[in-house]
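Taking it in order: structure first as structure tokens, then the write-up.
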């Protein structure tokens, strides 16, 4: 199993690269966002990889970030999403935004992704919600709420005191900050989140 490659970037095309590792050229397919951020040909590149084994051949998929590889592997567990489909999703999204959309059950966002219809989006939400964790940089930092401000931290503490879990309510807190503004009071944020959580639970 090939899980990691480090070598010289030999060639770049629309979907893949050739990585020269000790004189051996590996063809590796990358997400679109990763391809767009590659250094110039001749540069050193490190990739976290997934080897897809099929009867008709072997295909390597590569990621610049280990967390993208982990998300890719989780996408492969979803019925109807194959290696290329999962790669297209990874290439079209910002990882944290995608994870937030799963917790928010945001069908509108998910169905805009390449190859994702309503049924696939519903499966993504159903099957990934218990497998994903909100990234640390999306959580309120203990020292005054970090970039989201103290009111977000206070609102989160208030919601937790009501019995809500951080992972359930944090996406709605982010949504509230976006809709109401960063200067919104913690009380208004709590009311907004409770309303949105109620709507989500009612379906």
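The values are calculated or read from the model by the stated rules, or taken from the named source; none is laboratory data. Just so it is clear, the model here is predicted, and its values are computed rather than measured. As a convention, Cβ positions derive from the backbone with ideal geometry for all residues, glycine included, and neighbour counts pool all protein chains shown.
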Residue within the stretch 168-181 that is farther than 23 Å from residue 99 by Cβ, at pLDDT below 90 and not assigned by TED's automatic domain parsing to the domain that holds residue 101 present: yes
Selection from the stretch 15-24 of residues that are over 22 Å from the mean Cα position of the chain (by Cα), within 24 Å of residue 88 (Cβ to Cβ) and touching a residue at least 12 places away in the same chain (Cβ under 8 Å): 17, 19
